[in-house]
(Lines give C-alpha, C1' and ligand atoms only; values in the text may rest on other atoms or scores of the structure.)
Protein backbone atom coordinates (compact mmCIF):
# COMPACT_ATOMS: atom_id res chain seq x y z
CA UNK A 1 0.00 0.00 0.00
CA UNK A 2 1.39 3.37 -0.96
CA UNK A 3 1.96 6.08 1.65
CA UNK A 4 -0.71 8.40 0.13
CA UNK A 5 -3.38 5.68 0.22
CA UNK A 6 -2.46 4.86 3.81
CA UNK A 7 -2.78 8.53 4.82
CA UNK A 8 -6.22 8.84 3.19
CA UNK A 9 -7.41 5.74 5.03
CA UNK A 10 -6.16 7.05 8.38
CA UNK A 11 -7.84 10.44 7.75
CA UNK A 12 -11.23 8.76 7.11
CA UNK A 13 -10.91 6.68 10.29
CA UNK A 14 -10.10 9.79 12.37
CA UNK A 15 -13.10 11.65 10.88
CA UNK A 16 -15.46 8.78 11.76
CA UNK A 17 -14.20 8.68 15.34
CA UNK A 18 -14.56 12.49 15.62
CA UNK A 19 -18.16 12.43 14.40
CA UNK A 20 -19.08 9.69 16.87
CA UNK A 21 -17.41 11.64 19.68
CA UNK A 22 -19.28 14.85 18.77
CA UNK A 23 -22.61 13.03 18.66
CA UNK A 24 -21.96 11.58 22.11
CA UNK A 25 -20.70 14.84 23.67
CA UNK A 26 -23.31 17.20 22.08
CA UNK A 27 -26.77 15.63 22.06
CA UNK A 28 -29.28 17.30 19.70
CA UNK A 29 -31.30 20.25 21.00
CA UNK A 30 -34.84 19.53 22.12
CA UNK A 31 -37.66 20.60 19.83
CA UNK A 32 -39.74 23.51 21.14
CA UNK A 33 -42.50 22.34 23.47
CA UNK A 34 -45.85 23.40 21.96
CA UNK A 35 -47.45 24.51 25.25
CA UNK A 36 -44.37 26.56 26.16
CA UNK A 37 -44.33 28.04 22.68
CA UNK A 38 -47.92 29.25 23.05
CA UNK A 39 -47.14 30.66 26.51
CA UNK A 40 -44.00 32.44 25.33
CA UNK A 41 -45.75 34.00 22.33
CA UNK A 42 -48.60 35.24 24.53
CA UNK A 43 -46.32 36.75 27.19
CA UNK A 44 -43.86 38.42 24.80
CA UNK A 45 -45.72 39.08 21.55
CA UNK A 46 -42.73 37.99 19.46
CA UNK A 47 -43.17 36.00 16.25
CA UNK A 48 -43.74 32.25 16.20
CA UNK A 49 -40.37 31.50 14.61
CA UNK A 50 -38.44 33.71 17.06
CA UNK A 51 -40.13 32.07 20.06
CA UNK A 52 -39.49 28.60 18.59
CA UNK A 53 -35.82 29.36 17.99
CA UNK A 54 -35.44 30.75 21.52
CA UNK A 55 -36.96 27.69 23.17
CA UNK A 56 -34.84 25.32 21.09
CA UNK A 57 -31.72 27.36 21.83
CA UNK A 58 -32.28 26.98 25.59
CA UNK A 59 -33.80 23.47 25.60
CA UNK A 60 -37.30 24.70 26.53
CA UNK A 61 -36.13 26.85 29.46
CA UNK A 62 -38.81 29.53 29.05
CA UNK A 63 -37.17 32.05 31.42
CA UNK A 64 -33.87 32.01 29.53
CA UNK A 65 -35.70 32.06 26.21
CA UNK A 66 -37.69 35.15 27.18
CA UNK A 67 -34.62 36.98 28.47
CA UNK A 68 -32.77 36.21 25.24
CA UNK A 69 -35.72 37.38 23.10
CA UNK A 70 -35.83 40.72 24.94
CA UNK A 71 -32.08 41.19 24.56
CA UNK A 72 -32.24 40.49 20.84
CA UNK A 73 -35.24 42.79 20.41
CA UNK A 74 -33.44 45.55 22.32
CA UNK A 75 -30.37 45.28 20.09
CA UNK A 76 -32.51 45.24 16.96
CA UNK A 77 -34.59 48.12 18.29
CA UNK A 78 -31.61 50.40 18.89
CA UNK A 79 -30.29 49.52 15.44
CA UNK A 80 -33.64 50.36 13.83
CA UNK A 81 -34.01 53.50 15.97
CA UNK A 82 -30.69 54.79 14.63
CA UNK A 83 -31.66 54.01 11.05
CA UNK A 84 -35.18 55.49 11.31
CA UNK A 85 -34.27 58.52 13.41
CA UNK A 86 -34.49 60.97 10.50
CA UNK A 87 -38.03 59.94 9.51
CA UNK A 88 -40.87 62.23 10.55
CA UNK A 89 -43.04 61.01 13.42
CA UNK A 90 -46.05 63.34 13.52
CA UNK A 91 -48.79 60.80 14.24
CA UNK A 92 -49.33 59.14 17.60
CA UNK A 93 -51.40 59.74 20.71
CA UNK A 94 -51.96 62.09 23.60
CA UNK A 95 -52.35 60.12 26.84
CA UNK A 96 -54.09 61.56 29.90
CA UNK A 97 -54.48 60.24 33.45
CA UNK A 98 -56.23 61.99 36.35
CA UNK A 99 -55.66 60.66 39.87
CA UNK A 100 -56.28 61.98 43.37
CA UNK A 101 -55.29 65.67 43.19
CA UNK A 102 -52.78 64.91 40.45
CA UNK A 103 -52.86 64.52 36.67
CA UNK A 104 -50.46 63.83 33.82
CA UNK A 105 -50.73 64.38 30.07
CA UNK A 106 -48.15 63.10 27.56
CA UNK A 107 -47.60 63.04 23.81
CA UNK A 108 -45.93 60.05 22.14
CA UNK A 109 -45.35 60.11 18.37
CA UNK A 110 -45.05 57.51 15.62
CA UNK A 111 -45.13 57.68 11.82
CA UNK A 112 -48.60 56.34 11.02
CA UNK A 113 -52.08 56.15 12.47
CA UNK A 114 -51.92 52.39 11.90
CA UNK A 115 -49.15 52.00 14.50
CA UNK A 116 -50.91 54.44 16.85
CA UNK A 117 -53.76 51.90 17.02
CA UNK A 118 -51.37 49.07 17.95
CA UNK A 119 -51.66 47.74 21.52
CA UNK A 120 -47.89 47.80 22.05
CA UNK A 121 -47.70 51.47 21.09
CA UNK A 122 -50.61 52.26 23.41
CA UNK A 123 -48.86 50.40 26.22
CA UNK A 124 -45.84 52.64 25.57
CA UNK A 125 -48.09 55.69 26.05
CA UNK A 126 -49.20 54.26 29.42
CA UNK A 127 -45.59 53.57 30.42
CA UNK A 128 -44.65 57.16 29.61
CA UNK A 129 -47.63 58.55 31.55
CA UNK A 130 -46.98 56.57 34.73
CA UNK A 131 -43.20 57.02 34.65
CA UNK A 132 -43.72 60.78 34.32
CA UNK A 133 -46.27 60.77 37.15
CA UNK A 134 -43.93 58.82 39.45
CA UNK A 135 -41.09 61.24 38.67
CA UNK A 136 -43.32 64.25 39.42
CA UNK A 137 -44.60 62.84 42.71
CA UNK A 138 -41.08 61.95 43.83
CA UNK A 139 -39.82 65.48 43.09
CA UNK A 140 -42.81 67.30 44.61
CA UNK A 141 -43.12 65.34 47.88
CA UNK A 142 -41.85 68.25 49.96
CA UNK A 143 -43.82 70.90 48.06
CA UNK A 144 -47.33 72.06 48.83
CA UNK A 145 -49.88 74.05 46.84
CA UNK A 146 -50.06 73.99 43.07
CA UNK A 147 -47.12 72.25 41.39
CA UNK A 148 -46.81 72.07 37.60
CA UNK A 149 -44.01 70.25 35.76
CA UNK A 150 -43.23 70.37 32.05
CA UNK A 151 -40.83 67.82 30.60
CA UNK A 152 -39.37 67.75 27.08
CA UNK A 153 -38.21 64.74 25.08
CA UNK A 154 -34.62 64.62 26.36
CA UNK A 155 -35.73 64.68 30.00
CA UNK A 156 -38.43 62.07 29.47
CA UNK A 157 -36.07 59.64 27.74
CA UNK A 158 -33.98 59.39 30.94
CA UNK A 159 -36.91 58.41 33.18
CA UNK A 160 -37.05 54.83 34.43
CA UNK A 161 -39.74 52.16 34.28
CA UNK A 162 -40.54 49.89 37.21
CA UNK A 163 -38.25 47.19 35.74
CA UNK A 164 -35.26 49.58 35.71
CA UNK A 165 -35.16 50.20 31.96
CA UNK A 166 -35.23 53.79 30.75
CA UNK A 167 -37.98 55.15 28.54
CA UNK A 168 -35.36 55.47 25.79
CA UNK A 169 -34.75 51.70 26.08
CA UNK A 170 -38.48 51.01 25.93
CA UNK A 171 -38.99 53.22 22.89
CA UNK A 172 -36.15 51.41 21.09
CA UNK A 173 -37.73 48.06 21.98
CA UNK A 174 -41.10 49.06 20.48
CA UNK A 175 -39.38 50.53 17.39
CA UNK A 176 -37.73 47.13 16.93
CA UNK A 177 -41.08 45.36 17.16
CA UNK A 178 -43.20 47.71 15.05
CA UNK A 179 -40.62 49.06 12.58
CA UNK A 180 -41.50 52.77 12.75
CA UNK A 181 -39.68 55.78 14.11
CA UNK A 182 -41.13 56.93 17.45
CA UNK A 183 -40.45 59.60 20.04
CA UNK A 184 -41.60 60.57 23.51
CA UNK A 185 -42.23 64.21 22.77
CA UNK A 186 -43.47 66.05 25.87
CA UNK A 187 -45.36 65.75 29.15
CA UNK A 188 -47.05 67.94 31.74
CA UNK A 189 -47.92 66.96 35.30
CA UNK A 190 -49.95 68.96 37.83
CA UNK A 191 -50.71 68.43 41.50
CA UNK A 192 -53.24 70.60 43.32
CA UNK A 193 -54.36 71.58 46.84
CA UNK A 194 -57.37 69.73 48.29
CA UNK A 195 -59.81 72.57 47.55
CA UNK A 196 -58.94 72.72 43.84
CA UNK A 197 -60.16 70.49 41.00
CA UNK A 198 -58.80 69.05 37.74
CA UNK A 199 -61.01 68.81 34.67
CA UNK A 200 -59.94 66.82 31.63
CA UNK A 201 -61.03 65.88 28.13
CA UNK A 202 -59.60 63.76 25.29
CA UNK A 203 -60.90 64.03 21.73
CA UNK A 204 -60.61 61.31 19.09
CA UNK A 205 -60.41 58.76 21.85
CA UNK A 206 -59.13 55.19 21.60
CA UNK A 207 -61.89 52.67 22.32
CA UNK A 208 -61.36 50.40 25.29
CA UNK A 209 -58.82 52.60 27.05
CA UNK A 210 -60.01 53.44 30.57
CA UNK A 211 -56.96 53.74 32.83
CA UNK A 212 -55.20 56.23 30.57
CA UNK A 213 -57.47 58.10 28.16
CA UNK A 214 -55.89 58.47 24.69
CA UNK A 215 -56.69 60.47 21.57
CA UNK A 216 -55.45 63.09 19.12
CA UNK A 217 -56.22 66.05 21.42
CA UNK A 218 -56.17 66.45 25.19
CA UNK A 219 -56.72 69.15 27.80
CA UNK A 220 -56.25 69.60 31.53
CA UNK A 221 -58.09 72.42 33.30
CA UNK A 222 -57.37 73.42 36.90
CA UNK A 223 -60.34 75.18 38.52
CA UNK A 224 -62.02 76.12 41.80
CA UNK A 225 -65.66 76.17 42.84
CA UNK A 226 -68.74 74.78 41.19
CA UNK A 227 -71.36 72.55 42.77
CA UNK A 228 -69.71 69.52 44.32
CA UNK A 229 -71.99 67.02 42.59
CA UNK A 230 -71.45 68.67 39.19
CA UNK A 231 -67.70 69.27 39.23
CA UNK A 232 -66.95 66.27 37.03
CA UNK A 233 -69.33 67.55 34.33
CA UNK A 234 -68.02 71.11 34.73
CA UNK A 235 -64.41 69.95 34.32
CA UNK A 236 -65.29 67.98 31.20
CA UNK A 237 -67.13 70.94 29.63
CA UNK A 238 -64.16 73.21 30.28
CA UNK A 239 -61.81 70.61 28.82
CA UNK A 240 -63.97 70.29 25.71
CA UNK A 241 -63.86 74.05 25.24
CA UNK A 242 -60.07 74.18 25.57
CA UNK A 243 -59.66 71.37 23.03
CA UNK A 244 -62.17 72.88 20.60
CA UNK A 245 -61.24 76.57 20.80
CA UNK A 246 -57.49 76.25 21.47
CA UNK A 247 -56.93 79.28 23.74
CA UNK A 248 -53.32 80.28 24.24
CA UNK A 249 -53.66 82.27 27.47
CA UNK A 250 -56.07 82.61 30.39
CA UNK A 251 -57.12 86.28 30.39
CA UNK A 252 -59.19 87.98 33.12
CA UNK A 253 -62.79 87.51 34.23
CA UNK A 254 -63.72 91.08 33.17
CA UNK A 255 -61.99 91.01 29.75
CA UNK A 256 -64.21 91.81 26.78
CA UNK A 257 -64.11 89.47 23.76
CA UNK A 258 -62.29 90.80 20.70
CA UNK A 259 -64.10 88.80 18.02
CA UNK A 260 -63.57 85.42 16.38
CA UNK A 261 -59.78 85.60 16.72
CA UNK A 262 -59.91 85.75 20.53
CA UNK A 263 -57.13 83.60 21.98
CA UNK A 264 -57.68 84.33 25.70
CA UNK A 265 -59.76 81.63 27.37
CA UNK A 266 -62.04 83.67 29.61
CA UNK A 267 -63.32 86.16 26.97
CA UNK A 268 -63.92 83.43 24.39
CA UNK A 269 -67.48 82.50 23.46
CA UNK A 270 -68.20 79.37 25.46
CA UNK A 271 -68.39 76.28 23.27
CA UNK A 272 -71.15 74.75 25.40
CA UNK A 273 -73.34 77.87 25.34
CA UNK A 274 -72.68 80.43 22.53
CA UNK A 275 -74.84 83.02 24.31
CA UNK A 276 -72.17 83.50 26.98
CA UNK A 277 -68.43 83.91 27.31
CA UNK A 278 -66.42 81.42 29.33
CA UNK A 279 -66.15 84.01 32.11
CA UNK A 280 -69.93 84.49 32.18
CA UNK A 281 -70.46 80.72 32.26
CA UNK A 282 -68.02 80.38 35.17
CA UNK A 283 -69.76 83.15 37.13
CA UNK A 284 -73.03 81.29 36.75
CA UNK A 285 -71.33 78.17 38.11
CA UNK A 286 -69.60 80.13 40.91
CA UNK A 287 -66.28 78.79 39.64
CA UNK A 288 -63.03 80.08 38.23
CA UNK A 289 -60.29 78.62 36.04
CA UNK A 290 -56.78 78.88 37.42
CA UNK A 291 -54.73 77.19 34.69
CA UNK A 292 -55.04 74.94 31.64
CA UNK A 293 -52.87 72.93 29.25
CA UNK A 294 -53.79 71.73 25.75
CA UNK A 295 -51.94 69.14 23.64
CA UNK A 296 -52.59 68.46 19.96
CA UNK A 297 -50.72 65.48 18.55
CA UNK A 298 -48.11 66.57 16.03
CA UNK A 299 -48.56 70.33 16.48
CA UNK A 300 -45.59 72.69 16.37
CA UNK A 301 -44.69 74.08 19.78
CA UNK A 302 -43.27 77.52 20.63
CA UNK A 303 -39.90 75.96 21.48
CA UNK A 304 -39.70 74.22 18.09
CA UNK A 305 -40.70 77.42 16.28
CA UNK A 306 -37.99 79.35 18.10
CA UNK A 307 -35.45 76.65 17.30
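The values are calculated or read from the model by the stated rules, or taken from the named source; none is laboratory data. None of these values were measured; they are calculated from a predicted model. For neighbour counting, all protein chains shown are included, and Cβ atoms are generated from backbone atoms with ideal geometry for every residue, glycine included.
What the table shows:
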read-out	value
Only listed residue being within 18 Å of the chain's Cα centre (by Cα), surrounded by 15 or more Cβ atoms within 10 Å (Cβ to Cβ) and under 30 Å from residue 230 (Cβ atoms), chosen from 147, 128, 184, 202	202
Residues being in contact with a strand residue (DSSP E or B) (Cβ under 9 Å, 6 or more places away or on another chain) and either surrounded by fewer than 17 Cβ atoms within 10 Å (Cβ to Cβ) or farther than 25 Å from residue 199 by Cα (or both) - total across the range 100-115	7
Qualifying positions in the range 161-176 - free of Cβ contacts under 8 Å to residues at least 60 places away in the same chain and either under 12 Å from the mean Cα position of the chain (by Cα) or surrounded by 15 or more Cβ atoms within 10 Å (Cβ to Cβ) (or both)	161, 165, 166, 167, 168, 170
The range 176-188: number of residues that are out of contact with any strand residue (DSSP E or B) (no Cβ under 9 Å at 6 or more places or on another chain) and outside any loop (DSSP other than H, G, I, E, B)	2
Scan of the range 139-165 for residues that are under 27 Å from residue 100 (Cβ atoms) and outside any loop (DSSP other than H, G, I, E, B), ordered by number	139, 147, 148, 149, 150, 151, 152, 155, 156, 160
Scan of the range 25-40 for residues that are part of a helix (DSSP H, G or I) and modelled with pLDDT under 80, ordered by number	25
Per-region count, the range 231-256, residues surrounded by 15 or more Cβ atoms within 10 Å (Cβ to Cβ) and in contact with a helix residue (DSSP H, G or I) (Cβ under 9 Å, 6 or more places away or on another chain)	9
